[in-house]
Amino acid sequence: MATKKSHVAAGLYGDAHTPATGFANVNVGTTERIISAAGGALLTYYGLRERQASKPLGLGLAALGTCLILRGASGYCPVNQLVGRDSAQHSPSKAIKIVQTFTINRPVAEVYGFWRRLENLPQFMQHIESVEQLDERRSHWKANIPGGLLNVEWEAEIVNDEPNLLLAWQSLPGSEVDNAGEVRFLEAPGDKGTEVQAVIHYRAPAGALGHGVAQLLNPALEEMVRSDLRRFKQLMEAGEITTIAGQPSGRGRDKG
Amino acid sequence: MKALCWVGTNHLNVEKVPDPEIINPRDAIVRVVLSSVCGSDLHLLDGYVPSMREGDIIGHEFMGEVVEVGREVKKFRKGDRVVVGSVLGCGGCWFCENQAWSHCDNSNAHAALAEKAYGYPTAGIFGYSHAFGGYAGSHADFIRVPFADNGMFKIPEGVKDEAALFVSDAFPTGFMAADMADIAPGDVVAVWGCGGVGQMAIRSAFLLGASRVIAIDRFPERLAMARTHGRAETLNYEEVDILEALKEMTGGRGPDRCIDAVGMEAHTPGLEHYYDLIKQQIKLETDRPAVLRQAIMACRKGGTLSIVGVYGGFIDKFPMGAAMNKGLTFKMGQMHAQKYMPRLLDYVQNGDVDPAYILTHRWPLERGAEGYQMFKQKTDECVRVVFAP
Ligand SMILES: NC(=O)c1ccc[n+]([C@@H]2O[C@H](COP(=O)([O-])OP(=O)(O)OC[C@H]3O[C@@H](n4cnc5c(N)ncnc54)[C@H](O)[C@@H]3O)[C@@H](O)[C@H]2O)c1
Ligand SMILES: [Zn+2]
Ligand SMILES: [Zn+2]
């Protein structure tokens, strides 16, 4: 057990390897790029939504969002350039952890079993387009950032698999996306099903700017993980994902 | 199709909107035959429920005919005559499994929003703001019914549309009010509010063993309805001091069980009303809890307060000391439609209750805005206006 734990820890916290950059002429690190793009799209989305509600705050969010998308998609950040900051290389980045928990009214074996078939994950992970199991441990992931602004692919590896208890993975070195996470499955007391806890680790860009970005984006990312898990619960308990997207209203068809 | 849409505070409009379609496999599409107003809609209309959006279709109490079912709908076919509960339940979460349908974990399409407001998301409700899922309501030609196998019930042969309709919302709410009140044989039950919900609570209290029901309101026609159809004794709060009168009528003990079927927009004669109204309007308090305060004072020691009148946010001057020291039990909630509907349909079919008497006006949907105005002002002795699209 002890050895297993340390193995997981090494993998999860990403101390064992540094994220590859792979891009010659960019000043924004890959992780930062992905986060920028995802966060940017989210901010643009929320920003526009806010604006629809005619709050002045919306415009600012939308603008900041667009800037972040540009920065994520192009790998070039005008702000970084300006302050002479280069987060693409040798940046001591900060590990950030997101934890979200839901109780699912189904037996542990069923809940774990569904998740373990990684091909199932895109059914509830909103931004994952597909997951292909390459072998027992390795899988190939395709993601689609909201708005189709950025498509990314990477390979991940299961670093710990304890059936009906825990599943941990990390992206393989050299992947375009650097993330690691684990899901724990615990029988809930009082016959209430399974407590599912997702722990996601990612590395925020270094420095004051990176800190600011992370502070801005972390809630959005947390919300993203949370809504994915909620959809997982809906799928397991209700057999479908709750939505109003497509229903009529005086505004036409709702987007959701 | 046409639908009655919320445009803004006190502003409704019949608009042309797209027809609903099956979105999820457990959905059904129902052609609305009858769709009723409800006191809950007044809270939306008056702007006390946040997260309404311009264009939202309102209405949640309805019956009709199934026109299409999704591939996972097992119990219904095209042509079935159904009544649909106003609250949506997935049927698979722990709450639904335990018959606490209005607590459903999964039926709120905007769960994150509800979570922010209340800590945990509550169930979706048709036509009842985005915090309750943002579902299109029933004041329309057609409606999409998610989780159809759970929320729809076939209307038995011989039960007329007007009676089945109220098994959707008013009857289960009134019934749950009586059920939560834990009525013991011989109990005296006081019911605040003689709208559709109060009327149904009165009937239900008798069904569950009350010996006497005392109904409180100020509109003579509603009080008369409570007497003739509900066999209740009645009190007009504009004419008598309710606390004194209740004490008097219960041998000085106070009613054993008190039901609040009024909610956040209670009206009171005198200064208290303006105190609450002003605070509500400047948003220092969101709800006017006059009935709650009165029921706490009126209830006998160790009695039960059952609250189905809807509250949305915060209240002021809540007599916690009286509640605590008298050892009162509070039970409350949005009703668990699916739990009660089969039983209530039985009552209707057997002739124990014919809820159709609360229907006072039957209008075409085109007169929707006007109908709500009448219902709100309680003019023309309106208790419930029902639209037939
Ligand atoms: N819990 C639920 O699931 C649920 C479902 C449906 C309705 N409701 C709620 O039930 C309440 C009643 O609904 P309704 O359709 O009967 O509404 P309604 O507007 O027809 O009736 C409300 C009645 O309360 C009376 N009233 C106001 N102030 C009073 C006071 N101080 N004392 C006594 N009576 C007073 C009014 O005169 C009116 O007759 C509303 O708050 C509504 O939101 C709850
Ligand atoms: Zn209602
Ligand atoms: Zn449920």
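The values are calculated or read from the model by the stated rules, or taken from the named source; none is laboratory data. Source: prediction; values computed, not measured. In this analysis, Cβ positions are derived from the backbone assuming ideal geometry, glycine residues included, and neighbour counts consider all displayed protein chains. Areas reflect the complete protein model, heavy atoms only, side chains present, ligands, DNA and RNA absent. Shrake-Rupley method; radii C 1.70, N 1.55, O 1.52, S 1.80 Å.
Do the conditions hold for B:Thr286, that is, is it of a type in the set (S, T, N, Q), closer than 29 Å to B:Pro50 by Cα and surrounded by 16 or more Cβ atoms within 10 Å (Cβ to Cβ)? So B:Thr286 fits the description; yes. One residue stands out in segment A:103-119 among those that are within 14 Å of chain B (Cβ to nearest Cβ) and not in a helix (DSSP H, G or I): the one that is farthest from A:Leu165 (Cα to Cα), namely A:Asn105. Test B:Phe175 against the stated conditions and say whether it is of a type in the set (A, V, I, L, M, F, W, C), within 16 Å of ligand 1 (Cβ to nearest atom) and closer than 22 Å to B:Cys38 by Cα. Yes. Please determine whether any residue of segment B:123-132 is away from ligand 1 (no atom under 15 Å from the Cβ) and either closer than 13 Å to B:Gly333 by Cβ or buried (at least 24 other Cβ atoms within 10 Å of the Cβ) (or both). There is no residue in segment B:123-132 that is away from ligand 1 (no atom under 15 Å from the Cβ) and either closer than 13 Å to B:Gly333 by Cβ or buried (at least 24 other Cβ atoms within 10 Å of the Cβ) (or both). Considering only residues in segment B:139-178 that are acidic (Asp, Glu) and within 12 Å of chain A (Cβ to nearest Cβ), the one that is nearest to B:Ser211 (Cα to Cα) turns out to be B:Asp149. Taking the criterion of being open to solvent by 40 Å² or more (accessible area, probe 1.4 Å) and not in a loop (DSSP other than H, G, I, E, B), the residues of segment A:180-199 that qualify are A:Arg184, A:Leu186, A:Glu187, A:Pro189, A:Gly190, A:Asp191, A:Glu195, A:Gln197. Considering only residues of segment B:262-274 that are assigned to a helix (DSSP H, G or I) and touching a residue at least 12 places away in the same chain (Cβ under 8 Å), which is most open to solvent (accessible area, probe 1.4 Å)? Filtering segment B:262-274 for residues that are assigned to a helix (DSSP H, G or I) and touching a residue at least 12 places away in the same chain (Cβ under 8 Å), the one most open to solvent (accessible area, probe 1.4 Å) comes out as B:Glu272. The set of residues in segment B:357-389 being basic (Lys, Arg) and in contact with a helix residue (DSSP H, G or I) (Cβ under 7 Å, 6 or more places away or on another chain) consists of B:Lys376, B:Arg384. Right, A:Glu157: modelled with pLDDT under 90, assigned to a strand (DSSP E or B) and either among the charged types (D, E, K, R) or touching a Lys or Arg at 6+ places or on another chain (Cβ under 6 Å) (or both) or not? No, not satisfied. Residues in segment B:8-43 that are part of a strand (DSSP E or B) and not aliphatic (A, V, I, L, M): B:Gly8, B:His11, B:Asn13, B:Glu15, B:Lys16, B:Arg31, B:Ser35, B:Ser36. For segment B:357-372, the set of residues classified as touching a Pro at 6+ places or on another chain (Cβ under 8 Å) and open to solvent by 20 Å² or more (accessible area, probe 1.4 Å) consists of B:Pro364 only. Of all residues assigned to segment B:346-355, none qualifies as being closer than 17 Å to B:Leu45 by Cα and either outside the structural domain of B:Ala226 (by TED's automatic domain parsing) or modelled with pLDDT under 95 (or both). Residue count for segment B:251-287, restricted to those that are farther than 22 Å from B:Gly195 by Cα, touching a helix residue (DSSP H, G or I) at 6+ places or on another chain (Cβ under 9 Å) and modelled with pLDDT of 95 or more: 2. When segment B:254-266 is limited to residues that are in contact with a Phe, Trp or Tyr (Cβ under 9 Å, 6 or more places away or on another chain) and not acidic (Asp, Glu), the one that is nearest to B:Gly327 (Cα to Cα) turns out to be B:Cys258. Pairing residues of segment B:91-109 that are facing chain A (nearest Cβ under 7 Å) and open to solvent by 60 Å² or more (accessible area, probe 1.4 Å) with residues that are more than 16 Å from ligand 2 (Cβ to nearest atom) and part of a loop (DSSP other than H, G, I, E, B), at Cβ distances under 8 Å and at least 6 apart in sequence or on separate chains, gives B:Trp94/A:Asn105; B:Trp94/A:Lys192; B:Trp94/A:Gly193; B:Trp94/B:Asp105; B:Glu97/A:Asn105; B:Glu97/B:Gly91. Just one residue in the set B:Gly79, B:Gly91, B:Gly85, B:Gly70 is among the small types (Gly, Ala, Ser), within 16 Å of ligand 3 (Cβ to nearest atom), modelled with pLDDT of 95 or more and more than 30 Å from B:Cys382 (Cβ to Cβ); that residue is B:Gly91.
Considering segment B:111-137, and only residues there that are farther than 28 Å from B:Leu345 by Cβ and at the interface with another protein chain (Cβ under 8 Å from one of its Cβ atoms), the residue that is nearest to ligand 2 (Cβ to nearest atom) turns out to be B:Gly134.
Selection over segment B:21-67 of residues that are open to solvent by less than 30 Å² (accessible area, probe 1.4 Å), of a type in the set (Val, Ile, Thr) and more than 14 Å from chain A (Cβ to nearest Cβ) gives a count of 3.
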